[in-house]
Each structure stands twice: as structure tokens, then as C-alpha cells.
Amino acid sequence: MNARATKMAKSQEIEHKWYVVDATDKVLGRLATEVATVLRGKNKPYFTPHVDCGDYVIIINADKVKLTGNKLDQKLYKTYSGHPGGLKETKYRIFMQEKPELAVFKAVRGMVPHGALGDAVMTKLRVYAGEEHPHIAQKPEALEI
């Protein structure tokens, strides 16, 4: 092997850590980019694009996340059933009141690869609206954003 060859991480060699992020008064997009970076493993020196080398992230207080400007009233969450007239639009103010976990999850999902690797990365994200989470046994470290 050449001494200058690039080291490629193997999935068996990677050690995954657990982090907990408090989303209180954090801007949704800024929070999502930082969490996506940790989930993907881009903050590690041995990052390999085709290998899932990221860490687990727990987001608490998702109901206290902020949106800047007039996004609460202007930004829309859209779902489409595939049938004519099947488009449903919900303002983010209502969406954040009803399902804050899903709003944060979708923001992070939009910032990871779309495909099999992105699906594997997103299995390591846990989002909770309140302060409590059931992952105490994993001893998560606080991640400052």
C-alpha cells in the first residue's frame, strides 16, 4: 500500500457516539445544518462519503425552536396524495403547534443525501418535543450549537 493513499473508513471500524441537543430558542435551519453534519460524520477526520460514519443525535425541546422573519405565517408544509385536488397546505405556525418533532425531522432530512445512505443516516436521529428522552442508558454528551 502506498504511504500516501487516502484512508477510507470501514463501517466495522467506526465508533458511534451519542449527542443530545437542546433546541430551545435555536433557529430551525441553523440547527438542522449542524445536526446533519454530525449525523453524516463530516465533523470527523476520517469522513468517507459513501460510508455512514456519523453519530447518533437526540434533539429535545423541538417545540421551542424558532423560525426567523415571517416564516411561521408564510412558509407552508405541503403534502400531496397523488390524486387531483389532493394537495394539502399547512402554515408552519399550525404545523409547529401540532407536530414540532416532524417539522424538525423534515428540516434535517432535507439536508442529508436522498437515497439509501440518507435513510441510514436518518435512523440515528431522535426528536422529542419535550425535555425528556428515553436514551439515558446511552449516556449522551451535550452538543453545543
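List of remarks:
- Percent of Cα pairs exceeding the 24 Å cut-off, where the set is the chain: 39 percent
- Unit Cα scatterers, Debye sum, the stretch 51-130: log10 I(q)/I(0) for q = 0.13, 0.20, 0.27 Å⁻¹: -0.50, -0.99, -1.22
- Taking only the Cα atoms of the stretch 12-77, the radius of gyration and Dmax are 14.6, 46 Å.
- Residue-wise HN-Hα coupling along the stretch 106-119, computed from phi with Karplus coefficients 6.51, -1.76, 1.60 (Hz; x: Gly, Pro): 5, 5, 6, 4, x, 10, 10, x, 9, x, 5, 5, x, 5
- FRET efficiency, 1/(1 + (r/R0)^6) with R0 30 Å, evaluated for Ile94 and Tyr46 via beta carbons: 0.10
- Shape parameters for the stretch 74-120, alpha-carbon atoms, Rg then Dmax in Å: 12.7, 33
- Convex hull of the stretch 103-145 built on C-alpha atoms - directionally averaged projected area, nm²: 3.9 nm²
- The stretch 122-133 - phi-based ³J(HN,Hα) in whole Hz, Karplus 6.51/-1.76/1.60, Gly and Pro as x: 6, 5, 9, 9, 10, 10, 10, 6, x, 7, 8, 8
- Each Cα pair under 8 Å and six or more residues apart adds its sequence gap; the mean of these over the residue count of the stretch 40-112 is a relative contact order of 24 percent.
- Nearest-ten-degree value, helix 28-40 long axis tilted from longest Cα axis of the chain: 30 degrees
- Anisotropy class of the stretch 51-90 from Cα gyration tensor, a/c 1.5 cut: oblate
Rule-based calculations on the coordinates, nothing more; no lab input. What you see is a predicted model, and the numbers here were worked out from it, not measured in a lab. Backbone-built Cβ (ideal geometry, glycine too); neighbour counts: all protein chains shown.
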